[in-house]
1. From the residues in the stretch 264-315 that are in a loop (DSSP other than H, G, I, E, B) and polar (S, T, N, Q), which one is farthest from the chain's Cα centre (by Cα)?
2. If the Cβ limit is 8 Å and pairs must be 6+ apart or interchain, which residue in the stretch 132-150 that is closer than 15 Å to Lys116 by Cβ pairs with which residue that is part of a helix (DSSP H, G or I)?
3. Please state which of the following conditions Thr213 fails to meet, knowing it meets all the rest: (1) of a type in the set (Val, Ile, Thr); (2) in contact with a Pro (Cβ under 6 Å, 6 or more places away or on another chain); (3) closer than 22 Å to Val255 by Cβ.
4. Being within 21 Å of the chain's Cα centre (by Cα) and of a type in the set (D, E, K, R) is the requirement here; does Glu81 meet it?
5. Examine the stretch 2-16 for a residue that is surrounded by 23 or more Cβ atoms within 10 Å (Cβ to Cβ) and part of a helix (DSSP H, G or I), and state whether such a residue exists.
6. Identify, by number, the condition in (1) touching a residue at least 24 places away in the same chain (Cβ under 8 Å); (2) among the charged types (D, E, K, R); (3) surrounded by 15 or more Cβ atoms within 10 Å (Cβ to Cβ) that Lys128 doesn't meet.
7. Pairs please, first residue from the stretch 354-380 and more than 26 Å from Gly22 (Cα to Cα), second anywhere and more than 16 Å from the ligand (Cβ to nearest atom) and of a type in the set (Ser, Thr, Tyr), Cβ atoms under 8 Å, 6+ apart in sequence or on different chains.
8. Which residue out of Val149, Val198, Val141 is touching a strand residue (DSSP E or B) at 6+ places or on another chain (Cβ under 9 Å), modelled with pLDDT of 95 or more and among the aliphatic types (A, V, I, L, M)?
Amino acid sequence: MKIEDQHLVIPLGSTLGMLGGGQIGGFFAEAALRFGYKVSVWDPSPNAPAKRFASVVFDAPFDHPDTLKKFADVSDCASLEWENIPVTLTDDLEKLIRVRPGSNSLGLAQDRTKEKHFLTENHIPVTKYAVIENPDELDVVQLELPWVVKTATLGYDGHGQWRISKSQDIASIAKSLKGDGPWVVEQVVPYKIELSVVVGYDGKTKLVTFPPTENIHENGILRISISPARISMEIEKRAQDLAQEIIRKIGDPGVFCVEMFLLENGRLLVNEIAPRPHNAGHHTIDSFTVSQYELQIRALVGLPLVNPQQITPSVLLNVLGEEYTNLTDSYTTSWILKNQNARIYSYGKADVRPNRKMGHILFSGPSQEDLILSAQETHKFLTKANV
Ligand code: AIR
């Protein structure tokens with residue numbers, strides 16, 4: 001595939017490259033196989049989940065130049081599944097094959113300072129924030145407490161985040177800030193609901209959007225996602241419009257997720273942008289006419305983007321760390337699957353680590369209330385089995 005062929009449809013049977021091999025890449029790969037594509041996966045971990053579905057795999061670190069060449073040779077185009085892929089890699093790869101989304105959006109999403117500046121420059125509402133270059137500067141931050149301090153790069157799932165509730169804690173947190181600066185200090189907003197909106201863009205005129213998903217976090221990690229979110233139609237529309245506006249401004253084709261906070265007064269503040277499908281969008285596999293992964297493939301290969309229609313309400317329960325060991329106990333597995341609304345998804349991760357996303361249980365059916373109760377009951381069951 002030559003670079004000037006950007007508008008061509010990449011035909012079925014071609015090989016789609018995936019940078020990163022976690023669960024998101026895994027769901028992409030499963031969907032790609034169903035379309036009739038083959039998949040190549042590059043991830044430094046030999047056991048990365050997406051490699052289960054790949055015809056070619058690469059285990060080298062992402063800065064390995066020979067692997068870049070080989071990856072480009074076997075792949076007709078490439079996408080990515082997490083924001084910590086080095087931009088230098090997508091930059092170099094873009095010279096050889098089609099990469100969607102490209103370095104532009106990856107560069108923004110992987111650096112919180114750039115992301116915040118981009119959003120404020122474009123008059124998108126965000127929480128109040130300050131940028132510090134070294135930990136001592138925490139002392140002079142003028143924002144009202146509480147704060148959350150985040151590393152500008154290489155953070156996800158609560159990694160690289162510190163919460164400061166009272167001024168007495170500032171000095172000790174300043175000492176424990178790990179990694180290189182800068183850091184973004186955000187004023188914590190008392191929000192009513194956290195929402196995420198997944199958007200697909202063809203890079204030209206067509207933007208499609210899923211309705212917002214409502215997300216409930218525990219210790220900085222996504223625990224439960226509810227779709228559709230329990231919000232009014234007016235807020236739903238505003239959230240979708242806001243997400244679309246941001247993705248249009250970024251301008252890259254692909255699938256993106258915009259995370260936002262809904263405040264008590266109805267305002268929406270944008271938290272962050274992911275240049276990839278989102279963990280809070282796994283439910284779209286079961287509950288929509290077209291999933292976020294199918295849209296990622298369509299945007300990548302140049303096939304038409306269509307508006308997703310919801311088939312059923314759903315509630316997703318993440319299975320974290322040791323809860324997964326409990327889940328694999330036959331009695332527990334059977335107990336969960338006695339519920340006719342439940343489906344188990346295991347990501348195929350070789351090691352169980354505390355708080356690691358190991359799988360999810362998707363509850364879908366007509367009554368959102370029942371689905372939420374089932375998720376809460378199952379959550380209790382999985383964590384109790386631990387003691
Ligand atoms: N991911 C990407 N950004 C945030 C998340 N959670 C997904 C991607 C990535 C995987 O989580 O699929 O590859 C990494 O998971 P782990 O458990 O190996 O750290």
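1. Looking at residues that are in a loop (DSSP other than H, G, I, E, B) and polar (S, T, N, Q), I get Asn265.
2. Ile132/Leu138; Val149/Leu138; Val149/Ile173; Lys150/Arg112
3. The failed condition is (2).
4. yes
5. No: the stretch 2-16 contains no residue that is surrounded by 23 or more Cβ atoms within 10 Å (Cβ to Cβ) and part of a helix (DSSP H, G or I).
6. Only one criterion is unmet by Lys128, namely (3).
7. Matching pairs, first to second residue: Gly365/Thr312; Pro366/Thr312; Leu371/Ser314; Leu371/Ser364.
8. After applying the criteria, what remains is Val198.
The values are calculated or read from the model by the stated rules, or taken from the named source; none is laboratory data. For clarity, every value in this text was computed on a predicted model and none was experimentally measured. A quick note on method: Cβ atoms are made from the backbone with ideal geometry, for glycine too, and the neighbour counts reach across all protein chains shown.
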